[in-house]
Each structure stands twice: as structure tokens, then as C-alpha cells.
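Only one structure is covered here, and it is reproduced in the block below.
The values are calculated or read from the model by the stated rules, or taken from the named source; none is laboratory data. The structure presented is a predicted model; accordingly, all values stated were derived computationally and were not measured. Here the Cβ positions follow ideal geometry from the backbone for every residue, glycine too, while neighbour counts run over all protein chains shown. Quick note on the areas: whole protein, heavy atoms, side chains included, nothing else; ligands and nucleic acids left out. Shrake-Rupley method; radii C 1.70, N 1.55, O 1.52, S 1.80 Å.
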Amino acid sequence: MTPQEIYTRLKGEFGESILSFEETVVDPFIVVAPESIADVGRYLAEGEALVFDFLMCLSGVDLSVKAEDLEVVYHLYSMTHRHNVVLKVIVHKENPRVPTVENIWKTANWHERETFDLYGIVFDGHSDLKRILLPDDWEGHPLRKDYKEPDFYRSMRVPY
Amino acid sequence: MAAPKPESKFIELKPFTDEMVVNMGPQHPSTHGVLRLELKLDGEVVREAIPHIGYLHRCFEKHSENLSYPQIIPFTDRMDYIAAMNQNWGFCLAVEKLMAADEKKGFEVPERAEYLRVLICELNRIGSHLLSFGTYGMDIGAFTPFLYAFRDREKILLLFEKICGARLTYNYVRIGGVSRDMPPQFLDEVKEFIDYFEPKIDQYNSLLTDNEIFMERTTGVAVMDNAMAINYGITGPNLRGAGSQWDLRKDEPYSIYDRFDFDVAYGKEIPEIGAVLGDCWNRYKVRMDEMKESVRIIRQILEGDIPDGPIMAEMKAVRPPKGEIFFRSEAPRGELGFYIVSDGTPKPVRVRAKSPCFTALSALQELSRGLMVADIIAIIGSIDIVMGEVDR
Amino acid sequence: MLPVFQQFVQNPFPEFFAQAGSENLSQLVLEFLRSHVPFLATLPDPVLQLIAMLAVCVIFVAVVPLLPLFLVLAERKVSAHIQDRVGPMRVGPHGVLQTLADGVKLIFKEDHIPRQGDKILFIVAPYIIFACSFAVFAAIPFGKSILVSNLNIGIFYIMAISSVVVIGVIMAGWASNSKWSLLGALRSAAQIVSYEIPIGLSILAVVMLVESLKMQDIVMNQGGLGILSWIVFRTPFTFIAFFVFFISAIAEVNRTPFDLPEAESELVAGFHTEYSGMRFALFFIAEYANMFAVSAIAATLFLGGWKGIIPGYEFLGGTPGFVIKTMLLVFVMMWIRWTLPRLRVDQLMNLCWKYLIPISFFNILGIGIWVLIFQNDRNPAHIGISLLIIILGIIGAYLVLGKRSSQSPAPRASSA
């Protein structure tokens, strides 16, 4: 299935929750409303002729300093049907919350932890949402563009 | 007031064992780097093994946002330092694909460069699997295979030293080609190595793979079936060990892999020795078989003609158009994906490396439940992680 | 007063340690002193005997630690050549002085004791292990008269002393206050205690044949027909017992494939993780001394001790012959160590309880029947029967067990 077909199908199934479809970029992506990403994911993973059983990558993106939004990008692939699709969720920087997809693809567990660690996006319903790469007492989420590193971490100077 | 205890003549003895929490790592001989496992032990039996990572986090993704595309390549070297060539290549492939989206900026990578890339990356694959074989033997308790593996890896590193001057962090594959052409007689030396090395694989198989104790330790241990592997996003030899024949070089051929004739090594059920699909032994065996396939590919390169010509594409500057791409390539440890978001400037907005080791390690907790301490070591060795790539 | 003292010197514990026979090292020294050192010969006999015994102690303490020194170097060289390298080459010609240099380094290292550990046990543990592994040498006959004491319960004494080692191991593991050490110590305790049983049972097989616990008697029993009168070939059951003994002995001295107590890839270094400097060196020396001791016991019990190969000739006989046999076994141990991977702890126990112990019991039954039928007369015809059974057994075992291999199934199908 091409991304266009998948978009039409999702639109028919979820209606308003599927916000838009971007075709002009190299990898076309479908923008999904944050609250329904888990349902869309489950539909994609289990739906007939879709079977996206493989979550290749889950990444957070912060496009610029000025923008108010954070993105979570899901790269899905189907081992059975050999097609792929990219989903995107856009959340506000103030209170970024996205439902977890850990129950659908277990690999999302650590990927979501990493996204939480580096972007501060909270995944609702995640079984063990805590920092993974950075120390537990680190402050801030470093991959945000507006991140300022602290001057001291445990009385060690950070900028050098 | 407490209720009076029911009188009993006999003291009831309840066997009770306390749970022992042991920290394995971050400094431990067989955690392959700085992995820390929090083991909850009931005697020798592991109730739970919780991996803690991040000790080797070097902010690859943050660094990348402040560097131009060619400057990022040396950083990819330092992710999976065992197979740095493949990491370079994976990143370059993603950038090249992104640039190809714009007709004005797109370019063709010269034939000669493609051949050199395949040659060098397959050599690096052998080197990486050799290291995995050696350290796995050592994890299981056999020290000697480790030194044999390093002896042969040394020969590969010497070849790399001749072609790019470095032994660990090569920075050899560049966007649009490779950094330098091969020295004279290089192909003869590669041929010499391949001729020397091919029979060695069988020797190693008889030394370790077919060893009774080794089979006893690894067959049927920590079985990860195909469905579980895919659900955990596990790729590469670990997935193929579960019986899948998924290999990007075959299924979504990039570069010039479609020109070579090779088989995909995958795990098999062998009742004679008790091997089950997706156990430690199969994961390990896939790597041994893959080395043979890499040798086959290299032989085809050596027997065919490497076309003359430039080794670098003609281009003005690496400045991809606005857009985003996710591209994955088959690194020795699995599918290495790069997600690049570009806004048209020389620096990327976002570079995300999807590391195969990261996902493989996330399955450890489920794999290790109810096994023994010694099995944990066997699992870590069999999923073949490099902490540099896990933590990035 | 004097007779009591004399009695004590000659026979300190008359119940157990009867000084049977005239041939042991202290008497050899005594005779030497009497005949070659005139001014000592004038001393009263008990004093002279005391001097002789002290002299033996000094010789013993001075010579035996040299063995590990040599064995460590041997192991490094053997492993190096197995692994396609050359090993230590810098200190002395071909690195022969390397162990000495290492020893000197270890002496000067900091003696670290874990702050929260049990200090007294931590200090005592290495000495217990060291002392036990050296006390074993007292009963090993190196030659006709080169023997510290020909105890009438010699082999029993060796077994008893060598099982005390496990106490030292547990003390070390416990006192270190480290979970890895504790795990290693407990593994070691379980392992050594379990493997004592097959060792004991296979020794019993020999004792049943020889009808004596004295080490020297066991050796004497293996003379006359050269290699054919070695106990290992005398009956098919002792042949099996030899292998059971050797496998269990490897487990007893914690070497690969049974080196779980110090499995470096699992438990860092097991029970001696926290030890450093000279205390660590004591463990190290004890390990190699143990290795030599069990090989020497195996050589004495099964391979004819200091008796030669060819009847009537002293070729490969006497002390050099004994040392060569022992070293051969030590080499096999090293060879195994650098070739094989390590078992898991449950597999280790399975091997012991499900295979070795039943086999040993079967052996004892078999030996009993054999002795009933053939007596222990060292009749060449009986040895011939035994050899025939052994050879047929080996061929049969090879045909039945064969070789498991991953390569045997059909060649890999091409996916292209």
C-alpha cells in the first residue's frame, strides 16, 4: 500500500483525528492528533492488509527555537506486506503529552523513554517512564532547541 | 489488641530466601562496555535483570545539530566503533538519498566508489563478527577463540590502515564517494587475506560452534521467537537467528548489493544438538555463516572488474533540500537507521540514529527472566551489543 | 622423660600415624646425618631425629613453593603457544624469570582489606587454603624413600586435608563483603563438596584392589610388569575410575571447564575478587600447588607412581619418572583449560550427581566382582582380558556416542 492509500483508509476510519497528509517531502507522512495515536497505531498494527508489525524508529523532533511545537515521529514498516508509513504527532511545548504505543510495539518502551529523556514528552500509560540516557537527577531536556545547559551538575562545571 | 496465637507444638519452618540485588557493571568483564545490569537474584536464578544504560552517552544527536553534514561522519565512527565503516556508510546513504530528492543537487555516486564501499564494509562486517565470535567464546569461558579472532581481525585492520590510515575510526566513506582510492596491490592483499581466512571459519566452527559444552550452554537458552523479535524491533543477525530471512541487502538492496550473488544466513532448528530457532546458539551461528557470505561477496568483487574512474561524485556543497528522510542500512549488528530532518541549510535540524543494539538490549529484560547468572552473560554475548551504539 | 619424648618423636599419634617401614625422607636425612656429619652423630638419637625432621620440613617448605612458580610459567607458555603467541619473553631468557618478577611485584603491592569486611577471616582465609594445599604433599611418595611420611591412612589423609580448602574459600568469600565473592564462594562450596564423592568413590576402587590405604603400598602394588601393572590398566573398572577421578579432580581444583567459583566472565574473579598483593598470590600459589597435588595423586593411584614403564628397567621410573607423569597430567589440565568453555552451575551439578556418582558406584560393584573372580594376582592373562575389554569399550563408546555436530544436517538451502 502506498502512503496515499493508507491515508485515505485512516481518514475513513478515524475521520477528524487524522489531521493532514504531507506528500511533497521525501518520506510522505500522516499527521495524527495526539490523543488518538495509540488507536491509530493499533489499527495499523492489526488492520487487514496493513499489518505494520515493525516500529523501525520513534523519534522526537524540535524544529526551531521559535516554534511552539514538538513532534513525535513514528516510522512503521510491515514485514508481511513490505510497505512503510510515517506518522507524526504534534504537541505543544508547554505540556507535551502523547499516549504510549508501548502496548502495541514493545520496542517503543525504550524509544519513548529516550524521547522523554531528551525532549520531555510525557507518554501517558507508559509502564516505566524515566530517564534512560541521562542521569536520573539531570535537569532539563537537552535536545530541545531552547535548552540551556546548567552551569553546574553536582558541583562539576558543565560548559567547558 | 492482637488476637491470641493459635497454639502449636511444632515450629513451622518456612524455607525463606532473601532476594539479592547485585549490580553487574558498569565495570564488569563481560558486559561489553559500560552496561550496568541490576540483577535480582534468587540464589543463582535471575528473577529480573534490569539494564541501565547511558554511561557512554556522548550526545551524538545534539552534536549533529550544530555540525555540517560532512562533519557528522566522524561522529558516526564513534557510535559502533567495531564496525565504523558501516556506520559511515549508513549516514552517507541517508544524506545522499535526501540530496537526490532535489534534481539540481542530486548526484550519482561513482561506480568505483560503490565497489570500494561494498568491499570495505564487508571486510568490516567480517571484522565485527570476528570480534563478536571471540568475545562470545570468552563469555562462555573459552579464552582461546578470542585470541584467534583478534589475530585475524588484526589483518583486516592492517588492510584498513593501508586504505584510509586509521584502524578504528575510519571516516572513510564520505558523502558522494570515499575519501581516497586504494593503494596499489591492495586487491592482492585482500585476496591473500580472504584465501587465508575462509578455511579458518570452519576451523573456528569446529573449535567453538560444535563444542559439546558450548552447545550445552547456548542451545535452547533465551529463546526469542520471530514474533517477539519483530515486536521488539530487533534486526540483523538477532532477527535472522529467529529463523527470519530478512536482510536489507537482499530485500531492499541499496548501493550495488543486487549485483552480487549471496545467501542470507538464518537460524535453523537442529534437534540433534537441541538448537531451537532464536536461541543463543542460532544467533551466534548466523554470524559465523554471515562471515562466509561476506567472503563470497568480496570474492565476487575481486574476480569481477572494479571499474576505473573517480571515487568522489561531482558536487558543489553538501546542502540537502528541505525535507526529511529515514534510511536504514544493514550494519553488522542489524538495521542502522538515520532519520534526518533538513531545512535547506548546511546543518541538519535533527539527526536521529536508530541503533540496532539499543533495541536488542531492550529485549534483555524479558529474555533473561528465570534464567541463571551464567545465562545472562550468554545472552549479552549473543545479542552482540556495542555500548557506543546503544548510548550514542 | 626421654623414652616418652623418643616415643613421641617416632610415633606422635600411635593410633593413626604409625611410622611404618623404614623408608621416608626423615630417616633418609637421619642416616645422612649419622654417616656424613660426625659431630652430629654424637648427639643422642631423639635429638638427631628431631633435627632430621626439622630439616625435612625446611626442605619441604623451600622446595614445594617452587613448583607453583614453575607451573605458573608453564601455564603461561602453554596457553601462549595454544593461542598462537609466545607468552612472556622479557624477563630472563624466554621469560623464565617472569613469575619471579610477578611475585616481587605482588609482594610490594598494597595489602587492601575491605573496610566493611570481616578482617580476621579475611586475613586467615588465604593461609588456610595455602596450608591445606601444601599439607597434601606430606603424603605423596615422590620416590622409593622420597616421602615425608608413609602414613598408614595416606590417601584418606589426603582427601581429608584437601576438603578443608573449601572452608578457606567460604571464609574468603564471606569476609570480602562482596556479593560476587559470596556467590563464588557458595558455588565453590557446592562444587567441591559434590565432587568429593566421585573422587572418594574412585579412590575406593583403587583401595579395594590394593587392600591398603598407604600410598607406598599402592605404588608397590603397581610394579613388576611395568606399564601393564599400572592400576589404570589392571581392570576395566579402574580405567573408568581413572577418568572419573581426573574429571572430578579438575573440578576439585576449580579449573576450566569447572572454574565456576572464579569464572572471570561471570563473577569477576569469584571468591578472591577483593584480594590483592601477597594474599592474592597465596591463592594463586595454592591453586597451582593443588593442581600439581591432584595430578600427583592421580599418577600415584593409577599410573604407577614412581614405578617405571618397562619391567626391569628404571626408564621412566623413580622420582624423575613420577614427576614426568605428573607433569603430563598437569599439561592435560592446562590443555583442557585453554580449549574448553565453561559449564553452567546446574550442568556442573548434573554431571556430578547424574553421571559421575552413578558411574563410580557401578565401578565399585564391578571391582568387587572382578576381585572375587580374578583376585588381585597381577596375572598377565587377567590384565590381557582387562585390556581387551577396555579397547572394545572405547570402540563401542565411540560408535554409540559418535560426534554431535551442527554441520551434520543437510547443507543450507539457498534463499536466492
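For region A:1-85, the set of trypsin sites (Lys or Arg not before Pro) satisfying both a DSSP loop assignment and a count of at most 14 other C-beta atoms within 10 Å is given as A:LYS66, A:ARG82. Chain A against chain B buries an accessible area of about 3400 Å², both chains summed, 1.4 Å probe radius. Taken as Cα centroids, region B:117-138 and region B:289-367 sit 16 Å apart, rounded to the nearest whole angstrom.
Per-residue Cβ counts within 10 Å, from other chains only, averaged over B:136-146: what number is that? Intermediate values should be presented prior to the final figure.
Numbers: counts 1, 2, 3, 5, 8, 15, 9, 12, 9, 3, 1.
For peptide B:136-146, the averaged partner shielding equals 6.
Scaled against 2.2 N^0.38 Å for its residue count N, the alpha carbon radius of gyration of chain A is 1.12.
Peptide B:313-322 has a mean shielding of 1, counted as Cβ atoms of other protein chains within 10 Å of each residue's Cβ.
From its DSSP helices (H runs of at least four residues, each -39,500 (n - 2.57)), chain C gives a residue-normalised ellipticity at 222 nm of -20500 deg cm²/dmol.
The mean count of C-beta atoms from other chains within 10 Å of the C-beta of residues in A:25-37, rounded to a whole number, is 3. For region B:280-296, the Karplus equation 6.51 cos²θ - 1.76 cosθ + 1.60, evaluated at θ = phi - 60°, returns couplings of 4, 4, 5, 4, 5, 5, 4, 5, 4, 5, 5, 4, 5, 5, 4, 4, 4 Hz by residue, with Gly and Pro reported as x.
Kindly work out what percent of the DSSP beta bridges joining two residues of region A:3-157 are antiparallel, to the nearest 5. Display every interim value, and only then the final one.
Details: 22 of 29 bridges.
So the antiparallel bridges amount to about 75 percent of the total.
The label point for C:ALA62 and the one for C:LEU387, both projected 7 Å from the Cα toward the Cβ, are 4.4 nm apart. Annotation: lysines with alpha-carbon distance below 25 angstrom to C:LYS214 (same-chain offsets under eight excluded): C:LYS144, C:LYS307, C:LYS325. For chain B, the mean residue ellipticity at 222 nm estimated from helices alone is -13500 deg cm²/dmol, where every DSSP H run of n ≥ 4 contributes -39500 (n - 2.57) and the total is divided by all residues, rounded to the nearest 500. The modelled label-to-label distance between C:ILE146 and B:ALA317, using points 7 Å beyond Cα along the C-beta direction, is 8.5 nm.
Output the DSSP H helices from chain C with an along-axis C-alpha extent of no less than 18 Å and a mean Kyte-Doolittle hydropathy no less than 0.0. Present the calculation step by step, with values, prior to reporting the outcome.
Working: long enough: C:45-63 (27 Å, 2.39); C:66-82 (24 Å, 1.22); C:119-135 (25 Å, 2.04); C:154-175 (33 Å, 2.10); C:179-210 (46 Å, 1.36); C:236-252 (24 Å, 1.96); C:277-302 (38 Å, 1.40); C:318-337 (29 Å, 1.37); C:357-374 (25 Å, 2.20); C:380-401 (31 Å, 2.28).
Span-like helices here: C:45-63, C:66-82, C:119-135, C:154-175, C:179-210, C:236-252, C:277-302, C:318-337, C:357-374, C:380-401.
Rounded to the nearest 20 debye, the dipole size of the protein assembly as shown about its Cα centre is 2180 debye, using +1 on the Cβ of Lys and Arg and -1 on the Cβ of Asp and Glu. Across chain B, the longest run free of exposed loop sites, meaning GluC sites (Glu not before Pro) lying outside DSSP classes H, G, I, E and B with no more than 14 other Cβ atoms within 10 Å, spans B:109-268. Can you spot the lysines whose alpha carbon is less than 18 Å from B:LYS191's alpha carbon? Ignore those fewer than 8 places along the same chain. Within reach: B:LYS155, B:LYS162, B:LYS200, B:LYS292.
Would you calculate a helix-derived [θ] at 222 nm for chain A, using -39,500 (n - 2.57) for each DSSP H run of n ≥ 4 and dividing by the full residue count, to the nearest 500?
Calculated from helices alone, the mean residue ellipticity at 222 nm is -6500 deg cm²/dmol.
Surface exposure of the protein assembly as shown, expressed per residue as accessible area with a 1.4 Å probe, stands at 42 Å².
For A:LYS66, the aspartates and glutamates whose Cα falls under 19 Å of its own Cα, not counting residues fewer than eight places away in the same chain, are A:GLU94, A:ASP146, A:GLU149, B:GLU65, B:ASP343.
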